[in-house]
Amino acid sequence: MGNRISLKKVLMVHFVIFLLVLVFILNFFTFRVLTKHWEEEIANRNCLLAKSIAGEVEEFLSEPINILRQIQAVISEGGLVNDRHLDDYLSLIVENYQFFDMIQILDARGDVKYVAPFNRDYLGTTVMGRDFFKATLATGQPYWSQTFISTHSGQPTLTVSMFLGQGVVVGYLNLGKLTSIIDRVKFGPDSFSSITDQAGTYIAHTNKQNVSQRVSINKQESNADRGTYRYNDQGREMLASTAVIERTGWSVMVSQPTSEVFAPVSKARTIFLAGTIFAWLAAILIALLTLNKVLRPVSELAHKAKEIAGGNYDSTLQTNTYQEFSGLAQDFVTMSEAVKEREKEIKSSLQEKDVLLREVHHRVKNNMQVISSLIRLQAGHSHDKIQKELLEESQHRIRSMFLVHEKLYQSSDLAKIDFGDYIYSLVNGLYRSYGADPEKISLKVDVADIRLGLDNAIPCGLIINELVSNALKYAFPQHANLFENVGHDQCGEIKVILRSVSEGKIELIVSDNGIGLPEGLGFKNTESLGLQLVTTLAEDELSGEIELNKAEGSEYIIRFRGVS
Amino acid sequence: MKSKISFSLIILVIQLLVLSSIVGCSSTEPPIKIGFSGTLTGRLSEFGVSGRNGVILAIEEVNNSGGINGQAVELITKDDKNDSKVAAVVDRELINEEVVAIIGHMQSTPSAAVAALMNKEQMLMISPTTATNSLTGLDDFFLRVFPANKPETDKLAEYAIEQMGIKRVASAFDISNPTFTREWHENFQTKFEALGGECILKKPFDSRSVKSFLDLTQELLSVQPDAIIISASAIDTAAISQQLRKLNQEIPVISSTWAMTDDFLQYSGPAGEGVFFAHPLKVGNQDEEYLAFVDAYSARFGNQPSFSATFGYEAAQVLLEALASTDNHSSQALKDYIIEKRTFHGLQGDFAIDRFGDAVRDVFLITVKEGQFIRVEQDGK
């Protein structure tokens, strides 16, 4: 009884916590794995895109190089006989390959010897101070310059230059072609792709302004070696994938806001989140419903058990939840019916025994009554007064006993009798027997609601019989002739009190206000059979104690432990 | 029933806590916005792009050091296209974007065009390179870290007369930036003629539409001057120098500050040898601080900083210092701080900004020798 935790609460908490943790862990790890997978997919896709752009740019770059090589070959083979032919040849190339804004052929000092389209301002000027000229002469390799503002177009331009042996051929490239490659990549509104030169300056960008204004990427935030990485752009996280154009050292970058790139991941996160909440709520609901479904039959069984304990076997039991509970309920009903049947049998058996016991008591009473009648008849035929009195006393004693049996078979439970009723019957019989006038010797019976068993009732009955008989016979000498009314005023009183005192003890008091015992006569050492009987019955049969109070008449107080 | 409800509530709260920890959230203080206006596109854009890059470098350094009192700085750049009307439009855009101040413009013409707007809107503007005298001595919201051109033209005129013995000059100036070039030319001419010289040809040209620098150069030479005076951008000054070289003319060339950039050396090559400038840039500066700046700039942008980058960086430094030193970031408070402080430490040592917001710096005589800018000693060597 000490453990008062509700099974329902325990099951509910365990069930819900288990589901909470399980669903959370499951969703958490599933989402982590999926997110990682998606991120890798997106990173790979962007990386491929960057590499694809880089490949396209590489392909584009090979074109001007090839043309410059072609010019180099033509000049070195001396295929063009004079300056006019070379000018026409260069002009033709610029016209046909529109990514060239201008082509110049420089001598070893950097002086412009030929220019297409023809512009006499440029002829004879020197590019000796320009980085591309110095680098081409120094390396002998094709050189791609950084962007600069073209004096020809006034726009950002870069050059590709090639060593000619006796000079350098340089092509001024407009960045339009690179831009057109970038523009083919379509993204969200905040995404961009770009190409930066060796210095990190944009030479192509989704936002053209970055090229025209020669914006430089912060190289601390950009690193082509990193492949795909995240960086912060004015408080916005971006995912960038880069690829290097080996020929020029340029970088291609595909950059998207992570919020845009991972929009599907964000959606999935929302779905997972909603799913988790739904699963949790569903778990709680299911837990409540399931527990209710599990515990309802248990509750009904408990209720039914109480009803059966109360003797109601007729109420039905709803058992249509689970198979186990149906079986249990069926067994319970079977048990209930068996108990009902057994109770019926016991009742029947008890009833039979009850009838038998009543009959026994009745016959005992009848037999004792016959004995009593026989003794009374015997007494009637006796002329010896003493003998007659002895027979009458015996008759009274027998009567006190059969009255007990009479009251027992009249009693509802056959085990105990209403002792008050018994005392009235007993004492009235004695009054009649001794011819006492209740008007002169009154009887007061004060019996609490005490029911005595056969073991206590017969000794008590015999004690009362003896003491009341003594009182009637000796306590009131003014009425010495009990059978004659001498006309004295009534003043005698006999009291019989039976009451519970403490701790299961019962006190029987039989008193009279008569003359009391003669001086010197102890009730325990008397010759009187009656008083000896009283002492013996009180101490031996009732295992009690007896005392006599002689203050006013005689008051016998017997205390004994009642037997339930 | 009551316990069942409270139990469900506890579960719900746990769920919400767990979910909120998954979703997560964060908040940061908004950055301090600074505007930049300069010519970022077109033929004259080198000047503006370099200036912008200098400003970017200064701001990135501050942000990498934790920002202004923990607050990041955001730069919003605008292209004035070297057009006065566009300059006013983009400046108003910056004002609308609630910048605390504008660094710019780089050329005198757009600066002069928006000065009134800045005063009306009480928006602080700090120019890295504006040299016009028309904005000198005005108690306004226009401040600068570059001196006005009068000391420069005076120095050049004096040097031309006294050291080079030049008496007659022909001058060309680019009217795409008229506020600067006309004024520069007039200042030079005034001083030059006051010292006994004569300006025998004034040739304005528009770099946006010039057809032939060869023709222009030949026209300048046609009056047989002792020297050519050019007030134009680096590439246009280089273009004229190239034509002079092509025509085998060993004639002295004196240029305005505008052209004294690395581009001039690149585009002119040997044709730029011997061209004279008077400039506040300490050429050959070996101060550790300056060299560190050069290294950082080169690493960030892949080329050497021109003077516009240097002065752009210094303009940003002045503004950032004012922002860091004042709780109130209103233009008036920032201006008051700068005027009151007066002396600032820049990449080239200390310089002053007077009570009118004009920079007070020394100007040095510079020429090109072996492809490098070098300072001309006092004895004229």
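A short reminder: the numbers here are calculations on the coordinates, not readings from a lab. Predicted model only: the values in this text are computed from it and were never measured. For neighbour counting, all protein chains shown are included, and Cβ atoms are generated from backbone atoms with ideal geometry for every residue, glycine included.
Rank these for me by crowding, A:Cys460, B:Cys199, going from fewest to most other beta carbons within 10 Å.
Values: A:Cys460 28, B:Cys199 18.
The order, fewest Cβ neighbours first, is B:Cys199, A:Cys460.
Once Lys and Arg get +1 and Asp and Glu get -1 on their Cβ, which of A:Ser469, A:Thr536, A:Ser502 lies farthest toward the positive end of the dipole of segment A:436-564?
After comparing all options, I get A:Ser502.
Using θ = phi - 60° and the Karplus relation 6.51 cos²θ - 1.76 cosθ + 1.60, list the HN-Hα couplings for segment A:537-545 in order, rounded to whole Hz, with x at every Gly or Pro.
Computed from phi, the couplings for segment A:537-545 are 4, 5, 8, 8, 6, 8, 6, x, 10 Hz.
Fewest Cβ neighbours within 10 Å first, please rank A:Tyr202, B:Tyr159 accordingly.
Numbers: A:Tyr202 28, B:Tyr159 17.
The most exposed by this proxy come first: B:Tyr159, A:Tyr202.
At q = 0.13, 0.14, 0.22 Å⁻¹, what is the log10 ratio I(q)/I(0) for segment A:436-564, with the Debye formula run over Cα points and no solvent?
-0.53, -0.61, -1.31
Check which residues have an amide H placed less than 5 Å from B:Leu281's amide H, if you skip close sequence neighbours.
Amide H neighbours of B:Leu281, under 5 Å, 5+ apart: B:Phe364.
How big is the charge dipole of segment B:150-279 about its Cα centre, in debye rounded to the nearest 20, if each Lys and Arg gets +1 on its Cβ and each Asp and Glu gets -1 on its Cβ? Please list the in-between numbers first.
Numbers: 12 positive and 18 negative charges, 48 e Å.
Value, rounded to 20: 220 debye.
Distances longer than 28 Å among the Cα atoms of chain B: what percent of all pairs is that?
Values: 34257 of 72390 pairs.
Every Cα pair in chain B considered, those over 28 Å come to 47 percent.
I'd like the Kirkwood hydrodynamic radius of the protein assembly as shown, using the inverse of the mean 1/r over distinct C-alpha pairs, in Å.
Numbers: mean 1/r = 0.0253 Å⁻¹.
Answer for the protein assembly as shown: a Kirkwood hydrodynamic radius of 39.6 Å.
Please report the relative contact order for chain B, taking Cα pairs under 8 Å with a sequence separation of at least 6, and give it as a percent rounded to a whole number.
For chain B, the relative contact order is 18 percent.
Per-residue ellipticity at 222 nm for the protein assembly as shown, helices alone: DSSP H runs ≥ 4 residues times -39500 (n - 2.57), over residue total, nearest 500 deg cm²/dmol?
Working: 24 runs with 456 residues, N = 945.
Only helices count here, giving -16500 deg cm²/dmol.
Quick one: grab Rg to one decimal and Dmax as a whole number for segment B:185-287, Cα atoms only, in Å.
Every Cα atom of segment B:185-287 included, Rg and Dmax give 13.8, 45 Å.
One quarter of the convex hull surface, Cα atoms only: what value does that give for segment B:96-212 in nm²? Display every interim value, and only then the final one.
Details: hull surface 35.5 nm².
For segment B:96-212, averaging the hull's shadow over all directions gives 8.9 nm².
How do A:Ile195, A:Ile217 rank when sorted from fewest to most other Cβ atoms within 10 Å of their own Cβ?
Values: A:Ile195 24, A:Ile217 21.
With the sparsest Cβ surroundings first, the list reads A:Ile217, A:Ile195.
Ratio to report: Rg/Rh of segment A:316-414, with Cα atoms as the point set and Rh obtained by the Kirkwood method; give two decimals. List each step's numbers first, then the result.
Working: Rg = 27.1 Å, Rh = 17.7 Å.
Ratio of gyration radius to Kirkwood radius for segment A:316-414: 1.53.
Among the listed pairs B:Lys85/B:Lys282; B:Lys203/B:Lys369; A:Lys347/A:Lys444, which have their C-alpha atoms separated by more than 30 angstrom in this model?
Working: B:Lys85/B:Lys282 34 Å; B:Lys203/B:Lys369 27 Å; A:Lys347/A:Lys444 40 Å.
Table pairs above 30 Å Cα-Cα are B:Lys85/B:Lys282; A:Lys347/A:Lys444.
Positive end of the dipole of the protein assembly as shown, charges at C-beta (+1 Lys, Arg; -1 Asp, Glu), about the Cα centre: which of B:Phe311, A:Val370, B:Leu221 has its Cα farthest in that direction?
A:Val370
Starting at the first residue of segment B:124-130, write each ³J(HN,Hα) from the Karplus equation 6.51 cos²θ - 1.76 cosθ + 1.60 with θ = phi - 60°, in whole Hz, x for Gly and Pro.
Once θ is set to phi - 60°, the couplings for segment B:124-130 become 5, 10, 10, 9, x, 9, 5 Hz.
Per-residue HN-Hα couplings for segment B:345-350, Karplus 6.51 cos²θ - 1.76 cosθ + 1.60 at θ = phi - 60°, whole Hz, x for Gly and Pro?
Working through the residues one at a time gives 9, x, 5, 10, x, 6 Hz.
Rounded to the nearest 20 debye, what is the charge dipole size of the protein assembly as shown about its Cα centre when +1 sits on each Lys and Arg Cβ and -1 on each Asp and Glu Cβ? Mind dumping the intermediate values first?
On the way: 90 positive and 116 negative charges, 375 e Å.
Magnitude of the dipole: close to 1800 debye.
Report, for the protein assembly as shown, the % of DSSP beta bridges that are antiparallel, rounded to 5.
Details: 83 of 123 bridges.
Counting only bridges with both partners in the protein assembly as shown, antiparallel ones make up about 65 percent.
Quick one: what Rg and Dmax do you get for segment B:240-381 from the alpha carbons, in Å?
Reported Rg and Dmax, both Å: 18.0, 61.
When only Cα pairs under 8 Å and 6 or more residues apart are kept, what is the percent relative contact order across segment A:316-414?
On the way: 60 pairs, mean separation 28.4, N = 99.
Answer for segment A:316-414 is 29 percent.
Once amide H atoms are placed 1.01 Å from N in the peptide plane, what residues at a sequence separation of 5 or more from B:Ile229, or on another chain, have their amide H within under 5 Å of its amide H?
B:Ala170, B:Ser171, B:Ala172, B:Ile254
State the answer as a single residue: which of A:Ile67, A:Ala50, A:Phe28 lies farthest towards the positive end of the charge dipole of segment A:21-77, with beta carbon charges of +1 for Lys and Arg and -1 for Asp and Glu, about the Cα centre.
Result: A:Phe28.
List the relative contact order of segment B:150-279 as a percent without decimals, with contacts defined as Cα pairs under 8 Å and 6+ residues apart. Numbers along the way, then the final one.
On the way: 225 pairs, mean separation 34.7, N = 130.
Reported relative contact order: 27 percent.
Using the Cα centre of chain B as the reference point, and only Cβ charges (+1 on K/R, -1 on D/E), how large is the resulting charge dipole? Debye, rounded to the nearest 20. Present the calculation step by step, with values, prior to reporting the outcome.
Working: 33 positive and 49 negative charges, 179 e Å.
Approximately 860 debye in magnitude.
With no solvent and one equal point scatterer placed on each C-alpha of chain A, evaluate the Debye formula and give log10 I(q)/I(0) for q = 0.06, 0.10 Å⁻¹, two decimals.
-0.62, -0.93
Let's test the formula: R0 of 41 Å, r as the Cβ-Cβ distance of A:Thr290 and A:Lys344. What FRET efficiency results, to the nearest 0.05? Before the final figure, lay out each step's value.
Values: r = 40 Å, r/R0 = 0.97.
Once rounded, the FRET efficiency stands at 0.55.
What nm value, rounded to one decimal, do you get for the distance between A:Asp83 and A:Gln410 when each label is placed 7 Å out toward the C-beta?
Simple spin-label model gives 16.5 nm for this pair.
Which order do the peptides A:447-454, B:95-102 take when ranked by the mean count of other beta-carbon atoms within 10 Å per residue, highest first? Before the final figure, lay out each step's value.
Values: A:447-454: 15.6, B:95-102: 18.2.
Result, highest mean Cβ count within 10 Å first: B:95-102, A:447-454.
Under the rule of at least 5 residues apart or a separate chain, name every residue whose amide H is placed under 5 Å from the amide H of A:His205.
Here the answer is A:Ile195, since their amide H atoms fall under 5 Å of that of A:His205.
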